[in-house]
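First the structure, in the form of structure tokens, and then the observations on it.
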Amino acid sequence: MKKTLLRSTFLLLLVSVIAKILSFLVRILLARTLSESAMNYYTLASPTMVIMITLAQMGIPGALSKVIAQSKDTRKPLLASIFVSMINNIVIIAAFFILLPFLSFYILKQHEILPVLYAILPLIPLVSISGILKGYLFGKQQHVQATACQLFEEGSRILFLLVMFSMDHSLTNVTMAKIAMYSISVGELCSSLYMLFALRQHKHDIRQLPTLFHTLHRQQFDEVLSISIPMTGSRLIGSFTYFLEPIVMVIGLSALQSDTMIHAYGQLNGYVLPIITMPSFLTITLSNFLLPSFTYHYARGHEATARHQFSFILASCFIVGAICSFLCYFFNEELLLLFYHNTRGALLLKQLAIPFALYSLQPPLSSMLHAMSLSKKTVFDTFAGSFTRLCCVAFLSHILFADALSIAISAGMLVTTCLHAIRLWFAFTKNK
């Protein structure tokens, strides 16, 4: 049993590492292929894409995995999730189809970006389908298959981008940004096809779904929604902040100032953040795989052992973050040249290097608060950091322009991290 668990854990970690590498290769491919204006359009449309995905999924994948894991009849929760997602998708697609021109012309003040925003719409049903399938696989304890779908997602994106960009070398900036956005839909489609293939052993359950429609009751919907809605609330904080940031950034600025800010925003999200947040993969992995031991010992009163585990995790994460910050500070241009073959955003990367050494502490601190039943506090901390970030962008953009972005993202991250640390210190002191 122990060998099987270790083998599964190692395989899951290996698949996650490969998926992360492929994901970063996609970012490198986009950064090297897209022109600077195309990258600006793509990154400016990305916050809208993120909030649309959050609203489309509505926390259903996570809720479905939990309900299925604890239910004997897995077909009814699955059908309830599909029904809720269908209604939700129709409303979201109709609403955004109407709102996107207003967002493009009057809020972002970039009429060229409208085709890129419309390219997000096919993603809504696809990301809902893949989310439901992934939640079902996790609920059935098929963790490796649910994680392996990322390999097909990222691999198909790379292949699609290579083919599309090689067919025509005279693409316009808007067309290149649209292709980059469509590649996400292609990835979700291939991911869903793989998961459907992985579910062939449950084909009997899937085939019976249409005949079960009349047997659905409010209880099945309540089971899913009672979990999915709170999960959506916590995710919406980050997504809504990401969505509002470019909107708040350009309010009240002249056309020239707005173009300067959008240029800096494209550098930040297209080139800088993928590099400086790279350690988050390792720190999240450490938190996910080592924290169950902390929870086990802490729940049984073995506080010394639990705190030793926590100290080890925190120290390991900080070392990883510090090494990355050191490299980003002293070798910012070299890193950008290595990954992207250009030095766009070198100054931003150097400015963010030192404060982002503490960013690696967020995953273990957040996980520890969840382990100590302080999940509601983490939501408030995230809100406080997001609110700080938006305020900095709103009030400093007119004074500091591009520098306001690095100050805002650093301030928001530090507020959330420090609040997590303070709450955890008080929790330890109280229990001691």
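From Ile284, Ile276, grab the single residue that is open to solvent by less than 30 Å² (accessible area, probe 1.4 Å) and not small (Gly, Ala, Ser).
Values: Ile284 fails: open to solvent by less than 30 Å² (accessible area, probe 1.4 Å).
Only one candidate passes the filter, namely Ile276.
Scan region 130-158 for residues that are within 19 Å of Lys20 (Cβ to Cβ) and of a type outside the set (Ser, Thr, Tyr) and report the count. Talk me through it step by step, then tell me what you get.
Going through region 130-158, the residues within 19 Å of Lys20 (Cβ to Cβ) turn out to be 130, 134, 138, 143-158.
Narrowing further to those that are of a type outside the set (Ser, Thr, Tyr): 134, 138, 143-146, 148-155, 157-158.
Result for region 130-158: 16.
Where in region 86-182 are there helices (runs of 4 or more DSSP H), lying wholly inside it, with at least 3 residues that are open to solvent by less than 40 Å² (accessible area, probe 1.4 Å) and under 17 Å from Ala56 (Cβ atoms)? Lay out the reasoning, then the answer.
On the way: elements: 114-118, 123-139, 143-167.
Where helices (runs of 4 or more DSSP H) fall fully within region 86-182 and carry at least 3 residues being open to solvent by less than 40 Å² (accessible area, probe 1.4 Å) and under 17 Å from Ala56 (Cβ atoms), they are 123-139.
From Ile82, Ile60, grab the single residue that is among the hydrophobic types (A, V, I, L, M, F, W, C), crowded, with 19+ Cβ neighbours inside 10 Å and either more than 30 Å from Val174 (Cα to Cα) or in contact (Cβ under 8 Å) with a residue 24 or more places away in the chain (or both). Full working, then the answer.
Values: Ile82 fails: crowded, with 19+ Cβ neighbours inside 10 Å.
Testing whether each residue is among the hydrophobic types (A, V, I, L, M, F, W, C), crowded, with 19+ Cβ neighbours inside 10 Å and either more than 30 Å from Val174 (Cα to Cα) or in contact (Cβ under 8 Å) with a residue 24 or more places away in the chain (or both) leaves just Ile60.
Out of (1) more than 20 Å from the chain's Cα centre (by Cα); (2) of a type in the set (Lys, Arg); (3) modelled with pLDDT of 90 or more, the odd one out for Lys432 is which?
Only one criterion in (1) more than 20 Å from the chain's Cα centre (by Cα); (2) of a type in the set (Lys, Arg); (3) modelled with pLDDT of 90 or more is unmet by Lys432, namely (3).
Somewhere in region 117-124, is a residue within 30 Å of Leu268 (Cβ to Cβ), touching a Leu at 6+ places or on another chain (Cβ under 8 Å) and not acidic (Asp, Glu)? Please lay out each step first, then the result.
Step one: filter region 117-124 for residues within 30 Å of Leu268 (Cβ to Cβ), giving 117-124.
This time we only want the ones that are touching a Leu at 6+ places or on another chain (Cβ under 8 Å), so: 117-118.
Now narrow it down to the ones that are not acidic (Asp, Glu): 117-118.
The answer is yes; a qualifying residue exists.
The values are calculated or read from the model by the stated rules, or taken from the named source; none is laboratory data. Quantities reported herein were computed from a predicted structural model and do not represent experimental measurements. Every residue, glycine among them, receives a Cβ derived from its backbone with ideal geometry; neighbour counts consider all protein chains shown. Just so you know, the surface numbers come from the protein's heavy atoms only, side chains and all, with ligands and any DNA or RNA stripped out. Shrake-Rupley method; radii C 1.70, N 1.55, O 1.52, S 1.80 Å.
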